[in-house]
């Protein structure tokens with residue numbers, strides 16, 4: 001049996017490859033990398049779209065699965081979000097990173113459908129205790145893409 005879907009084929013949900021791509025084209029994968037500290041992910045929230053297993057947009061991950069995730073010193077954790085299949089909305093949301101009971105930062109992203117501008121920002125960065133750097137991203141429409149955030153405790 002051939003497991004590759006072709007144009008005109010339908011998956012188990014009755015969606016064609018074209019339908020899947022419509023929402024899935026807007027995506028972001030944010031990798032958090034802490035140094036000199038352990039951090040937790042908290043308050044994952046989406047206005048639009050869904051969280052998914054990094055590398056597989058068909059496997060949905062619920063906010064409750066992300067909430068409280070511990071990212072240890074020197075390790076990495078990726079949060080991925082995309083638009084839902086067969087929708088023309090894209091994805092938009094946020095999450096916070098904490099160290100103990102102190103907020104390190106809030107990260108907000110927007111990767112809308114059918115626009116020329118993606119946006120993201122670090123909000124409420126605790127610059128007094130942490131050096132936070134963000135690299136990556138496509139801001140000219142399409143997927144926001146891969147974002148890497150390093151957190152170094154001072």
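The values are calculated or read from the model by the stated rules, or taken from the named source; none is laboratory data. Because the structure is a prediction, the values reported are computed rather than measured. All Cβ positions, even for glycine, are placed from backbone atoms using ideal geometry, and neighbour counts span all protein chains on display.
Odds and ends about this structure:
- Check on residue 74, under 21 Å from residue 132 (Cα atoms), touching a strand residue (DSSP E or B) at 6+ places or on another chain (Cβ under 9 Å) and in contact (Cβ under 8 Å) with a residue 40 or more places away in the chain: yes
- In this structure, residue 78 does not qualify as outside any strand (DSSP E or B) and either under 13 Å from residue 25 (Cα atoms) or at pLDDT 95 or above (or both).
- Filter result for residue 138 (within 16 Å of residue 29 (Cα to Cα), in a loop (DSSP other than H, G, I, E, B) and modelled with pLDDT of 95 or more): yes
- Residue 44 vs. criteria assigned to a strand (DSSP E or B), in contact with a helix residue (DSSP H, G or I) (Cβ under 7 Å, 6 or more places away or on another chain) and under 28 Å from residue 131 (Cα atoms): yes
- Lone qualifier among 107, 148 - being in contact (Cβ under 8 Å) with a residue 60 or more places away in the chain, under 11 Å from the mean Cα position of the chain (by Cα) and surrounded by fewer than 17 Cβ atoms within 10 Å (Cβ to Cβ): 148
- Looking at 36, 56, just one residue is surrounded by fewer than 20 Cβ atoms within 10 Å (Cβ to Cβ) and within 14 Å of the chain's Cα centre (by Cα), and that residue is 56.
- Consider the range 47-57 and keep the residues that are in contact (Cβ under 8 Å) with a residue 24 or more places away in the chain and part of a strand (DSSP E or B). The one that is nearest to residue 106 (Cα to Cα) is 47.
- Only a single item in (1) closer than 28 Å to residue 153 by Cβ; (2) at pLDDT below 95; (3) in contact with a helix residue (DSSP H, G or I) (Cβ under 9 Å, 6 or more places away or on another chain) is not met by residue 101, and it is number (3).
- Which numbered condition residue 65 misses (of (1) within 15 Å of the chain's Cα centre (by Cα); (2) under 16 Å from residue 107 (Cα atoms); (3) surrounded by fewer than 21 Cβ atoms within 10 Å (Cβ to Cβ)): (2)
- Residue match in the range 84-92 (condition: surrounded by fewer than 18 Cβ atoms within 10 Å (Cβ to Cβ), at pLDDT 95 or above and within 14 Å of the chain's Cα centre (by Cα)): no
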